[in-house]
Amino acid sequence: MATFALIHGGGSTAWDWHLVAPLLEQAGHDVVAVDRPIEDENALLEDHVAAVTTAVGSREQVIVVGHSLGGITAPLAAAALHADGLVYLSGMIPLPGETFGDWWTNTGHDRENVSDDPTVSFFTGVPDDLARAARAHERDQQGKWMSRPWPAERHPSIPTCAILCRDDRFFPAAFMARQIRDRLGIEPVDIPGGHYAVLSEPAAVAGALIDFARDIR
């Protein structure tokens, strides 16, 4: 049995995982969905990591999962928890010394054709009622960390999985595959769904996480 520490993306909450979490629990795993302190304008990444480690507590066999912007926090939390595994789900993969602002140009995302309409870029395939609920849970994303370099010297040397969503209009599949190969040196795991696959394809997300837990066990 693994403990999945689930980290939400930008401007969001732990609610994002409410469809995935029960599927992981049904498979016999423990789940901790964490609310990051994204509305604290003074927060550093150390504060985001502390939110994860406090929520996980003394649980063992931890696999840290970062969705989208949660990918910035996930490897730091994995290192702090001495986690057994790390997963990026449509996740931003940081490099040492890179700021949040630099990531968009360094990865070439600024050259991608991304719609300004969130119903297209974020909520592709998400049922209308769930998209409305997600919008109702949105929070203001801010923090001092966003202008500061990513503080780690390297990614943790633990089993790592990077999941791309083939219908993602915000982090398109080809862009994600390139980022994963360039920055992690691994092959992506491909699942159906858009950027919010946690809402549109929760079974696919849970299945990929369960497979990863089985593989590293």
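For segment 102-118, a residue qualifies if it is closer than 18 Å to GLY9 by Cα, touching a helix residue (DSSP H, G or I) at 6+ places or on another chain (Cβ under 7 Å) and not in a loop (DSSP other than H, G, I, E, B), and the qualifying residues are TRP104, HIS109. Here ALA43, ALA79, ALA33 are screened, and the one residue that is surrounded by 15 or more Cβ atoms within 10 Å (Cβ to Cβ), at pLDDT 95 or above and in a loop (DSSP other than H, G, I, E, B) is ALA43.
Being touching a helix residue (DSSP H, G or I) at 6+ places or on another chain (Cβ under 6 Å) and under 21 Å from ASN106 (Cβ atoms) is not true of ALA174. Candidates in segment 49-76 are the residues that are assigned to a loop (DSSP other than H, G, I, E, B) and surrounded by fewer than 19 Cβ atoms within 10 Å (Cβ to Cβ); of these, the one that is farthest from the chain's Cα centre (by Cα) is SER58. Checking the stated criteria, ALA79 turns out to be among the small types (Gly, Ala, Ser) and in contact (Cβ under 8 Å) with a residue 24 or more places away in the chain.
Of everything in segment 168-211 that is assigned to a helix (DSSP H, G or I), of a type outside the set (A, V, I, L, M) and within 15 Å of the chain's Cα centre (by Cα), the residue that is surrounded by the most Cβ atoms within 10 Å (Cβ to Cβ) is GLN179.
The values are calculated or read from the model by the stated rules, or taken from the named source; none is laboratory data. Note that this is a predicted model, so its numbers are computed, not measured. No Cβ is skipped: glycine too gets one built from the backbone with ideal geometry, and neighbour counts run over all protein chains shown.
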